[in-house]
Structures are given as structure tokens and as C-alpha cells.
Amino acid sequence: RITVLDDGSLRIVNVTKSDAGSYTCVATNHFGTASSTGSLVVKDPTRVTVPPFSMDVTVGESIVLPCQVSHDHSLDIMFTWSFNGHLIDFEKDGDHFERVGGQDSAGDLMIRSIQLKHAGKYVCMVQTSVDKLSAAADLIVRGPPGPPEAVTIDEITDTTAQLSWRPGADNHSPITMYVVQARTPFSVGWQAVSTVPEIIDGRTFTATVVGLNPWVEYEFRVVAANLIGIGEPSRPSEKRRTEEALPEVTPANVSGGGGSKSELVITWETVPEELQNGGGFGYVVAFRPFGTVSWMQTVVASPDAARYVFRNETLPPFSPYEVKVGVYNNKGEGSFSPVTVVYSAEEEPTRAPTTVLARSLSASDVEVSWAPPRENQHKGRIQGYEVRCWRHDEKEENAKRVRTVGNQTSTRVTNLRGNVLYHLAVRAYNTAGMGPSSAAVNVTTKKPPPSQPPGNIIWNSSDSKIILNWDQVKALDNESEVRGYKVLYRWNRQSSTSVIETNKTSVELSLPFNEDYIVEIKPFSDGGDGSSSEQIRIPKISS
């Protein structure tokens, strides 16, 4: 176990603790003797007691790889970890890697939120000043599949597309199914589509997409899934347009009516481009008088058209027609929409309203009433009336206009000038236009209300009453006579106002004293309300 080598060195194998101590080397020749003494310290060996072990984990999990040792505590110990041959930088890669353990004999590695890229070989290296050793483990990370590759459109018809692809990485969990998605210029992003087979298992790399729209440009992609989740989609296939077919979708909301005299107006909602099934798309409009047999047809060649007007002087006004709208494209004609009834244009009313009366309500408002004309209802309905009102000194074409709707036979004309002569006339209208005007009637608005506000307002309180007095307002020659006064009052913190009318220049208000009040006074006349006084604040009276 112990050997002296030729050069004088001492070799000890299988060192034990009992070998520790002082050793002296003595060298002798005929001139004399020399010696040197040194000491041998024997340390406990470093051993890995809990090595890291190979693991099989799923994306997103967090794990700890152990690395625990026994060692001589008089020696400093250092742990380092490598991943696939590269030292781990815990500062740079701190999002996922962290040293844990706490005591000097543990150098465990925590890996947080594991990703597919973290799969590989991990080595724990332990070093002291006298020895070093390492222990390794393999980490397998299972995750959703990678994207399928080389998605190809092998064949395409008007409503189907034959696809094929190659599988991507299964990431250690077998692919269980594939899903096909499609995108067109009209879709919002990628949409799942129906296929044959309906469910594509993980061993199938072809499918037929069904239920496509003819004459639409499609691109496809494939998504793989396994027990862990759904993977990233493949790159899109090339873009291919489906073949043309007869149009199947008919226009929606076919209706119409209105227009000018001798017109039949037919309207519909256009068919979206993705449902036109081919180029050369247009509409076929068919119509006939209600109760007749043969249809009149016309072609509207624009795919964007949403209206057709048939004009004929012999067209009776406001007559019912059966109407339907069909579709066609390069492949031929499709079907027609359901038949609906549309009325030809009305004639404008032919008679004027009668018994027109006007009366002045104030300096700015006039009320007008009339009787409906005795109209032939077969030619057109009355949809409402237009009242025109103009001053004596202005032209009729500059008249103020007020419209009513329905069978209302009176209205107000507002915002007029006071003490002015006005002319008013009434006429009926419908979708075809205006009827003849009634004879004009005259009305003079009342004189304007007093412009002077009440002055010298005095208030007193006694016996839970507030007594207000003010000076009488005198109307000017061109103003309406004062008929009385309005006293408006409200709580200081309330928005709703109360009103008392009086023909005197004083008033008593019975109000609680525990509130502030805001009061104002204004005269009123046949011409309306006059100018208001300034607001007066009456403070609450403490008990």
C-alpha cells in the first residue's frame, strides 16, 4: 500500500484517516544527512447522496432537479449546472432557472414554467479544493404538437377541396386529431370548416373540405392536437378559387313602392359577392298586375344593383303588383325570391284642404286647423299636410313651412313676430308630391308682451307668510295690455318651480321658513309672458 519511488517520493494508495500525520524524508550520502518534514491531512470524500433523476414533464409545469451531497465541512464546496453542454447563467435565465436548497450540501435546480426548449441533458457539477464530481439526468418535455407541414390543395371543385399535409413534431405525445381551417377575402380571420372524414385522426394526412362557396378564393391551414393541447397552426396553403356554379341565394327583402307618377319602383338587398357563385352575376326582375297570369321580365346586369324602376304612362296609380327577383351568372339562372306585393307610385293629392281657420294664440304663436280634402283614395293616400306661413311684406316662396304626419288636421306655427299680418295656406302631400294649396287665410299676431319687468319689489314676512309687493307694469302702445302677473318661486336647492297667477301687484305666499327661496315676477298678456324681474333670494328665517 505504501511505496518509495525511485526519485524518493512516497506513494500511499487507498488512503485512510490513520494515514494522517507528519512524514519526514531523510536523504544520506557519505558527506552527511538531510531531511524534510511535511504533514498529511486526510479529508472526507465528496459524494452525491441525492442525484438528479431523469423526468418526463408537460409544458407549463415546474420541477426541482435534486443535487445533494455529503462532503468534508472544512472544505468550501461549489455547485454548477449545465444544460445540453452549456453552463446555466442564473441571472440571465432567471425567468425559468433558479438555484434552490439553502444549505451548503444541496445545489437543487428549479425549472419554472417549462417550455419545449427546456428538454435535454442537465448535469450537476460539484467541486471542492480536493475533488470534483458530477451527476446527470435527462428531461423529456411533452407538449402540444408542432405545426403540420406542406399543406397542399390537391384538387378543388365548386364546393369541395382535397387537402394533404405532413405531420409536424408530436413533442413526445402522439397526435390524436387534426382540424382544418379556411380563410377567404370575406371571412373574419380563420374559420373551422367541415371535412370528410368529419373527425381526422392523428394517423390521417388527407381530408376533403366540404360546404365551400363556389367562385370564392380560399386558403387553408391545418392544426394538430394531442392529449396535452392544441398546437400551432401550419403555414397557409396556396390560394385557390373554387369553380363556378349556378347561383342559389336569392335577394332578400324584396319590396318597393313610391316613386314618381307612372312608375313602379322595385327594391331588394344585393346578394353578397361570396354567395354569387360565379362571374357575370346579375338580377332578373319579374312583375305583373295583381291577379293576372303572365309575368313581365327585365334583366339588371349589375351585381351591385338594388333597385329597378319600370316607367309607363299607362301605369295606373297606386295599383298592386306581384313582384319577384331572381339571379343569374355565367353558369345560368338561379331561382326567384318569394312573390311579394308592391304598389305603383301614387298620384299627388288632387284636391286642397277646406275650411282653413287661423287664430293668434300670442305674439309668436298661431294655431291653424283645416278639414281634409274629399280625395279619391284609389289614386293615392294622404300622408300628411304642409302649412305655409308668410308675412304680408314677404314673398310666398319664402314662407315658413310646418309639416304634419298622418291624419292630424291642426298644428301650431311658432316663432313669429308680434303684431304682424300673416297669410297661411295648407296643402296635402304623399310620396308622389304636393297637392294643390288651399286659399290663403289671414291672421294678425297679438301685440308683443310688455318689455318692462316688474320693479321696486319689496318682501316682508309675518305669521309664516311672505308678502310680496311690486310696482304696476305699464304696457307701451305697441305692446299687449298687462292682464296679470306670474310669481315663480322654488327652494334654493330644488329645480322644480311653482307658479301663482294674480291680477294684483301683491301676493301672499304661505311657505315654511326653514328654507331659502328664489322668487321672480313677470307680467303676462294676450301676447304672452313679459320680461321677468331679477331673481330675489329670500333667506330662511331661524326660529
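Within segment 1-55, considering only strands (runs of 3 or more DSSP E) that don't extend past its boundaries, which have at least 1 residues that are open to solvent by less than 60 Å² (accessible area, probe 1.4 Å) and within 30 Å of Arg99 (Cα to Cα)?
47-50
If we keep just the residues of segment 132-159 that are within 20 Å of Ser173 (Cβ to Cβ) and assigned to a strand (DSSP E or B), which is nearest to the chain's Cα centre (by Cα)?
Glu149
Of the conditions (1) modelled with pLDDT of 90 or more; (2) open to solvent by 60 Å² or more (accessible area, probe 1.4 Å); (3) of a type in the set (Lys, Arg), Arg388 clears all except one; give me its number.
Answer for Arg388: the failing condition is (2).
Please give the number of the condition Arg359 fails out of (1) part of a strand (DSSP E or B); (2) open to solvent by 50 Å² or more (accessible area, probe 1.4 Å); (3) of a type outside the set (A, V, I, L, M); (4) modelled with pLDDT of 95 or more.
(4)
Please work out if Asp131 is of a type outside the set (Lys, Arg), touching a residue at least 12 places away in the same chain (Cβ under 8 Å) and touching a Gly at 6+ places or on another chain (Cβ under 7 Å).
no
Quick check, is Val325 more than 22 Å from Thr160 (Cα to Cα), β-branched (Val, Ile, Thr) and not in a loop (DSSP other than H, G, I, E, B)?
Answer is yes for this residue.
Mind listing whichever residues of segment 124-164 are hydrophobic (A, V, I, L, M, F, W, C) and open to solvent by 30 Å² or more (accessible area, probe 1.4 Å)?
If the condition is that a residue be hydrophobic (A, V, I, L, M, F, W, C) and open to solvent by 30 Å² or more (accessible area, probe 1.4 Å), then Met125, Val130, Leu133, Ala136, Ile140, Ala150 are the ones that fit.
Counting only residues that are closer than 20 Å to Leu264 by Cβ and of a type in the set (Ser, Thr, Tyr), how many does segment 316-373 have?
6
What number goes with the only condition from (1) out of contact with any strand residue (DSSP E or B) (no Cβ under 7 Å at 6 or more places or on another chain); (2) modelled with pLDDT of 90 or more that Lys17 does not pass?
All conditions pass for Lys17, except number (2).
Please enumerate the residues belonging to segment 76-128 that are acidic (Asp, Glu) and either without any contact (Cβ under 8 Å) to a residue 12 or more places away in the chain or under 16 Å from Val57 (Cα atoms) (or both).
Asp89, Glu91, Asp93
Could you please let me know if Val387 is within 30 Å of Pro272 (Cα to Cα), under 47 Å from the mean Cα position of the chain (by Cα) and not in a loop (DSSP other than H, G, I, E, B)?
It is false that Val387 is within 30 Å of Pro272 (Cα to Cα), under 47 Å from the mean Cα position of the chain (by Cα) and not in a loop (DSSP other than H, G, I, E, B).
Restricting to segment 336-355, and then to whatever is modelled with pLDDT under 95 and assigned to a strand (DSSP E or B), can you tell me which residue is nearest to Thr292 (Cα to Cα)?
Here the answer is Tyr343.
Each row is one residue, and each column tells you yes or no for (1) open to solvent by 30 Å² or more (accessible area, probe 1.4 Å); (2) in a loop (DSSP other than H, G, I, E, B); (3) touching an Asp or Glu at 6+ places or on another chain (Cβ under 9 Å); (4) not assigned by the TED database to the domain that holds Asp526.
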position	(1), (2), (3), (4)
Val368	no, no, no, yes
Gln408	yes, yes, no, yes
Arg412	yes, no, yes, yes
Asn419	yes, yes, yes, yes
Ala439	yes, yes, no, yes
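Just give me the residues in segment 443-486 being open to solvent by 40 Å² or more (accessible area, probe 1.4 Å), charged (D, E, K, R) and in a loop (DSSP other than H, G, I, E, B), in sequence order.
Lys446, Lys447, Asp463, Asp471, Lys474, Asp477, Glu481
Is segment 477-485 home to any residue that is aromatic (Phe, Trp, Tyr) and within 23 Å of Ser360 (Cβ to Cβ)?
yes
For segment 165-202, give me the residue count where each residue is open to solvent by 60 Å² or more (accessible area, probe 1.4 Å) and without any contact (Cβ under 8 Å) to a residue 12 or more places away in the chain.
So the answer is 3.
Can you name every residue in segment 65-105 that is open to solvent by 60 Å² or more (accessible area, probe 1.4 Å) and closer than 24 Å to Ile140 by Cβ?
Scanning segment 65-105 gives Gln68, Asn84, Gly85, His86, Leu87, Asp89, Phe90, Asp95, Glu98, Arg99.
How many of the residues making up segment 260-302 are part of a loop (DSSP other than H, G, I, E, B), surrounded by fewer than 16 Cβ atoms within 10 Å (Cβ to Cβ) and in contact with a strand residue (DSSP E or B) (Cβ under 7 Å, 6 or more places away or on another chain)?
So the answer is 7.
Scanning for something open to solvent by less than 60 Å² (accessible area, probe 1.4 Å), within 30 Å of Asp158 (Cα to Cα), free of Cβ contacts under 8 Å to residues at least 60 places away in the same chain and within 36 Å of the chain's Cα centre (by Cα), does segment 323-341 turn up at least one residue?
The answer is no; no qualifying residue exists.
Among the residues of segment 181-197, which ones are over 13 Å from Glu217 (Cα atoms) and either of a type outside the set (Phe, Trp, Tyr) or outside the structural domain of Glu232 (by the TED database) (or both)?
Within segment 181-197, Gln181, Val188, Gly189, Gln191, Ala192, Val193, Ser194, Thr195, Val196, Pro197 meet the criteria.
Out of everything in segment 231-257 that is more than 23 Å from Phe186 (Cα to Cα), crowded, with 16+ Cβ neighbours inside 10 Å and of a type in the set (Gly, Ala, Ser), what residue ends up being nearest to the chain's Cα centre (by Cα)?
Gly231
In this structure, does Phe310 turn out to be touching a residue at least 40 places away in the same chain (Cβ under 8 Å), in a strand (DSSP E or B) and of a type in the set (Phe, Trp, Tyr)?
When the stated conditions are applied, Phe310 passes them.
The values are calculated or read from the model by the stated rules, or taken from the named source; none is laboratory data. Not measured: the values here are computed from a predicted model. Please note: Cβ atoms are built from the backbone with ideal geometry, for glycine as well, and neighbour counts cover all protein chains shown. All accessible areas refer to the heavy atoms of the entire protein, side chains included, with ligands and DNA or RNA removed. Shrake-Rupley method; radii C 1.70, N 1.55, O 1.52, S 1.80 Å.
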